[in-house]
């Protein structure tokens, strides 16, 4: 059941590996090389996600799940968009509170989140924005709330335990970023699951995820 979330995560690691092959780290601080690495990573990551979606869609079609998982259009776009934005605000408040409450009791230090626009010039900014704001919310919601959450509900019954398990899985998918990101995205995933449950569609959770990632890219 965790195979497809893990495969989605693997695209980022594969992109990073390919960048290290194309532009080996030799101890220099050449900005041109750094920019090329940055642009290549996001370009390869997007290509990998497109390939992943193709494989995922083929598998879903073979098993008769394609229409159910990929049906993310809203029935009541104004209401469902509103749900997504309200639950994003809720998730933002509670996620920050969770990070502030949990992080001090863990044997780790607070880390500054990496800037999505650290390099790459204008092309890098465009690639990073498309990846973070559009591709990530769409792909992750299709996998986590479009497929994983309903599968857990179908196998376990009820919604509370599947919501918790899918949100924890979503948080753990961000383990390579930082511990506070794991905490934050676990809460975010729970609220996205609530949006999916309350509306019966993916649109609200995609809007929530989109709004979160837009905020994450702002130079605050």
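There is no residue in region 29-37 that is surrounded by 16 or more Cβ atoms within 10 Å (Cβ to Cβ) and assigned to a loop (DSSP other than H, G, I, E, B). Take the conditions (1) in a helix (DSSP H, G or I); (2) modelled with pLDDT under 95; (3) touching a helix residue (DSSP H, G or I) at 6+ places or on another chain (Cβ under 7 Å); residue 118 misses just one of them, which is (1). Quick one: would you say residue 108 is touching a helix residue (DSSP H, G or I) at 6+ places or on another chain (Cβ under 9 Å) and surrounded by fewer than 13 Cβ atoms within 10 Å (Cβ to Cβ)? Criteria met by residue 108. None of 82, 64 is free of Cβ contacts under 8 Å to residues at least 40 places away in the same chain and farther than 22 Å from residue 212 by Cα except 64.
Of all residues in region 208-220, which are modelled with pLDDT under 95, over 17 Å from residue 143 (Cβ atoms) and in a helix (DSSP H, G or I)? Passing the criteria: 214, 215, 216, 217.
For region 48-58, the set of residues classified as touching a helix residue (DSSP H, G or I) at 6+ places or on another chain (Cβ under 8 Å) and either farther than 15 Å from residue 138 by Cβ or loosely packed, with under 15 Cβ neighbours inside 10 Å (or both) consists of 51, 55, listed by residue number.
Scanning region 175-187 turns up no residue that is in contact (Cβ under 8 Å) with a residue 12 or more places away in the chain, closer than 19 Å to residue 72 by Cβ and part of a helix (DSSP H, G or I).
The values are calculated or read from the model by the stated rules, or taken from the named source; none is laboratory data. In this text the structure is predicted, and so the values were computed from the model without any measurement. Here the Cβ is made from the backbone with ideal geometry for all residues, glycine too, and neighbour counts use every protein chain on show.
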